[in-house]
Structures are given as structure tokens and as C-alpha cells.
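The values are calculated or read from the model by the stated rules, or taken from the named source; none is laboratory data. From a predicted model like this one, the values you see are computed outputs, not experimental measurements. Glycine gets a Cβ as well: all are built from the backbone with ideal geometry, and neighbour counts include every protein chain shown. Protein only, heavy atoms only, side chains kept; ligands, DNA and RNA dropped before computing areas. Shrake-Rupley method; radii C 1.70, N 1.55, O 1.52, S 1.80 Å.
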Amino acid sequence: MHEVSLIENVLGLVEQERRKQAFARVSVIRLRVGVLGCAEPEALRFCFDAVAAGTIAEGARLEIEPVCGEGWCADCRSTVPLAERFGACPLCDGAHVRMTAGDALSLAEMEVE
Amino acid sequence: MCTVCGCGTASSADASVSSPLVGDDHDHYGDAHHHEHGPNHHHHPAARALDFGQGLAGVSVPDLSQQRLISIERDILSKNDGFAQANRSALLKADILALNLVSSPGSGKTSLLVRTIMDLKGRWPMAVIEGDQQTSRDAERIRATGVQAVQINTGKGCHLDAHMVGHALQHLSLESGGLLFIENVGNLVCPALFDLGEASKVVVLSVTEGEDKPLKYPDMFAAADLMLLNKSDLLPHLDFDLGACVEAAVRVNPQIQILTVSARTGEGLEAFYTWIEHRAARIEPRIVEPGMREAGP
């Protein structure tokens, strides 16, 4: 259940932002979550309401934008789509692929009032 | 979640009596959560890592009703990474090699640590940070060897984070050139995400577990520099396929080093001690810019 900690961290960033610029409530929080990362969008959604209760983000809508996986294949010398973190290259079926995108875990933006 | 001094939901039963305090107060990286520890380790009941107690009603912002969009673009773990970087800098400055031991529960991490401490006692100054959800049993086992240990109880938390470790460091007095073991909460998933400021993660897998665990829990094996295959003395009694396990680990992490050891008989441990010496000889900071994560395994 590291998703609870991740949401706490998101709320920490929201709180930091509130110290910089005043707002009364948060209506939407947008996260970017890589499909090859360790965070499960459903689990993030599941715990969000509970963790956000009593905070400035209470009642906010959580939107999660998935980030596709990408890798660099050393054999094809090109960027290829990656469905699994340690998957083979979809072009040459080789194993020399290094993940270059898909484990994002960031707070992109939020709508406030 | 300030779990060493107990000012969050979790508690630490014995951190206050475990070892000498280095300092009476400490800062929290980039955060307003700050508190001081008096000589009696006074707890502040109101202090929490995340202070959201105000709620909606407590906020009054005149002339501000229009919806606005705020772009943030920050890594969710940037706060943890900030604490981790502070820990890493402090450890580097003190010339201390910190190893973060991770595994599923029951792989023999504590037994391995006890054996390692007994074997290395004359060679290295050592200290241990123990992470468990409840009890200080592991720290007591370590203290029985004569080495100082701080127990962190994470309560409901399933991993140690860099903030907790930063607190624990305040409770230890480790000489320069020393060795710090951080025994993480037994969990092969969550601790992979949280950088503690260690020099290396060491993943312990026992041969009584499945040889395909590196494939089932790839993030942890991808994050580790060394895998210790523990309980090798049981191999004659098991159908464990050592070759398949090594192959699985290398598949998720081509750079991982693998040693087969037995905390019970001591088999293979000299190789582990040599690895530690080599690792200590080339301590180099793994810089993670705040707001950025390393892209690949």
C-alpha cells in the first residue's frame, strides 16, 4: 500500500503550493503515472478520498493520465514502445532494451478556487 | 509520518533510550514541519509531517473565487528524494557506507546481519537502523551483539522513507569510516520506490522462496546492486533451481551481482564482506536532482 504514502506526498506538494499562492479549495488534481512504474492507478484512486479527507484537497477529483512505456533498443538503435518493463524489443525481439519512459510519477497540475 | 520520535500515527517504543543523541534538534528538508527534541526527547503531540488540520472551513481567501489552473510538474517522490539526498550527503561527509537491506519477510535479513556483525566487529565500526511495523525485537537482537541499533516502527507503513532514516541518524553516533546497515521492512514491493540515501540496496532472497521472484517483483531486483541468496545450507533439501534464479535476476537487472550465502553456516559470507570493502572503497554519490527520477533500471 505505498499508494497511501504517494497520495500523502501529492498532498504535501499541494500544501507547499498553497503556501506560495493562496487558494481556498482544490477541485482537480492531475497526476501523470507511468504504466511501467510501481504505482497502481486504481489503488491511488481507492485511497485518495480517505487520505484527502480533512485536507484542502477534500472533495477534489483525482485525474490520472497514463504515460506509455518506451525503451531504447541497442540493436535496432531506435526508440521502441514497451509494454513490459523488462520486455523484448517489439521490432527485433531482442533483449537489449533499456526503459527510457513509462515510470513517471508526478503531480502535473491542479485546478483551484 | 515522523515515526522515530513518534509525532505521527506510528510510534517508536525505544528510540529515545536506544543510543546517544547526536544533536537535540534537527531540520526537515524543505518543509515547514520542524520540531526540536529536548534532552528528554520531548514529543510534540501536534506536530505532523503533513499539516492539513485546517480543512476547508479554516481557509479564508477573500476575493478569490475564480477557478485557476496551477501547473506544478513535480515528481511525487521529490520530497522523499530531497530527504534522501540530505542523508546521502551527510553519510558521504562522514565517510559512512550505508547499505539498505530489502527482502520479503522471513528471508533471514536479521540473522544475516547478526552473523555479519559478529564476523566484522573488529574490522568496522557499525550501526544498524531497524525497520518493522511493530516491536523492537530486531533491534534487541542487534544490540545483543554490542552494536548500536535504532528501531523504527512504521506502524501501518509498509516501508522506511528517507525522512524516518534522517531522524534515526540523529540517534546514532557512528564513527567516520563506519558501516551502517538499514534493515528495511520485510516487503518486496514498496521499499523499492523509496530512496533512503543509501549507497546501495542489497536484496536478500532465501532459497526457500521461489526462484522466479525476481520476475514477479522486478522493481526491487532492478533497484538493487547486490542479491544475496540466503539459506544455501538448505539447498540439498530443496528443488530450488539456482541457475534459473540467477537468470531471472540478471534478466531484470543485467548489472546485479549475486552471492550465495548461508547466515547459519557462514558459507559465502567472506565474499559478501569483500563486496562491502570494495563498495566502501568507491563510495560515490548517486545524484538525483529534486523533481527528477532516474529513467531506467
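Considering only the Cα atoms of region B:191-260, their convex hull presents on average a projected area of 4.5 nm².
By the rule of a C-alpha distance below 17 Å, with chain neighbours fewer than 8 residues away ignored, the lysines paired with B:Lys213 are B:Lys109, B:Lys201, B:Lys231. Could you tell me how far the Cα centroid of region A:1-22 sits from the Cα centroid of region A:54-113, in Å? One Cα centre to the other: 21 Å. Taking the protein heavy atoms of region B:150-277 in the context of the full set of protein chains, the accessible area attributed to carbon and sulfur is 49 percent at 1.4 Å.
Where only protein heavy atoms count, and the probe is 1.4 Å, what is the accessible area per residue for region B:227-285 in Å²? If you can, show how the numbers build up before the last one.
Details: 3140 Å² over 59 residues.
For region B:227-285, the per-residue accessible area is 53 Å².
Between A:Glu113 and A:Ala95, the modelled labels are 5.6 nm apart [label points 7 Å from Cα along Cα→Cβ].
Counting only alpha carbon atoms, the long axis of helix A:2-20 and the longest principal axis of chain A meet at about 60°.
Using alpha carbons only, how many degrees (0 to 90, rounded to 10) separate the axis of helix A:41-52 from the longest principal axis of chain A? Helix A:41-52 sits roughly 20 degrees off the main axis of chain A.
What's the carbon and sulfur percent of chain A's accessible surface, probe 1.4 angstrom, rounded to a whole number?
Numbers: 2600 of 5040 Å².
Answer for chain A: carbon and sulfur cover 52 percent of the accessible area.
Interface of A with B. Using a 1.4 Å probe and counting protein heavy atoms only, the two chains hide about 4000 Å² of accessible surface, both sides summed.
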